[in-house]
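Please read the structure below before turning to the comments.
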Amino acid sequence: METWEKLYYEARKEYKPAEVSPFVYAHHVVCAIEAGNGEIYTGFCIESTCGVLDLCAERVAALNMYMSSGQTKIKRLIAFRNEKPKEFGGMPCGACREFLMQLNIENENMEIMVDYDLRKTITLKELLPNWWGRERYK
């Protein structure tokens, strides 16, 4: 099984939309990432009526990676709702893009799946070509 398939199937295991409480909804967006060392970590979205407390699946997966292994570098990322990303689906939101770049500058080269069937990807650097924080890494 190739890496993208592994990532898809690991993320898919997390897809089980649920109302955690009358205020919190979870597991309706899922993500899997391949860390710099090849290990796979997953995450799911959790949203509340407050909004400020929301966490996207991409950030949860990255935090799971960091908490479990101390790693910050990501090679590949796939995120989706109920079906595989297609036609530029599965794109991280602005907050996730920013967090992933801040986590490790090498993440600018990570591949983000945008069309699973066509195996079309985009890099984080393409999404943030003139990232404001680059100078701090020097």
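A short reminder: the numbers here are calculations on the coordinates, not readings from a lab. Every value quoted in this text rests on a predicted model; they were computed, and no experiment measured them. Backbone-built Cβ (ideal geometry, glycine too); neighbour counts: all protein chains shown.
Values computed for the structure shown
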{"item": "Cα gyration tensor shape for segment 25-138, rounded if a/c is under 1.5, else prolate or oblate", "result": "rounded"}
{"item": "Other-chain or far-sequence residues with amide H under 5 Å of residue 29's (modelled H)", "result": "45"}
{"item": "Interchain or long-range residues, amide H under 5 Å from residue 75's placed H", "result": "34, 35, 36"}
{"item": "Total charge dipole magnitude, the chain, about the Cα centre, Cβ charges on Lys, Arg, Asp, Glu only, Debye to nearest 20", "result": "200 debye"}
{"item": "Helix-only mean residue ellipticity at 222 nm for the chain, each DSSP H run of n ≥ 4 adding -39500 (n - 2.57), per residue, nearest 500", "result": "-7500 deg cm²/dmol"}
{"item": "From phi via Karplus (6.51, -1.76, 1.60), per-residue ³J(HN,Hα) for segment 25-41 in Hz, x at Gly/Pro", "result": "10, 9, 6, 9, 10, 10, 8, 9, 10, 9, 6, x, 8, x, 5, 10, 10"}
{"item": "Protection-proxy order for peptides 71-80, 106-115, each taking the mean of Cβ atoms within 10 Å per residue, highest first", "result": "71-80, 106-115"}
{"item": "Taking 103, 53 and counting other C-beta atoms within 10 Å, the order from fewest to most", "result": "53, 103"}
{"item": "Given 13/120; 13/73; 73/120; 16/73; 73/125; 73/138, the pairs whose alpha carbons are separated by over 19 Å", "result": "13/120; 13/73; 73/120; 16/73"}
{"item": "Segment 1-85: C-alpha gyration tensor shape, a/c 1.5 cut-off, then a/b vs b/c", "result": "oblate"}
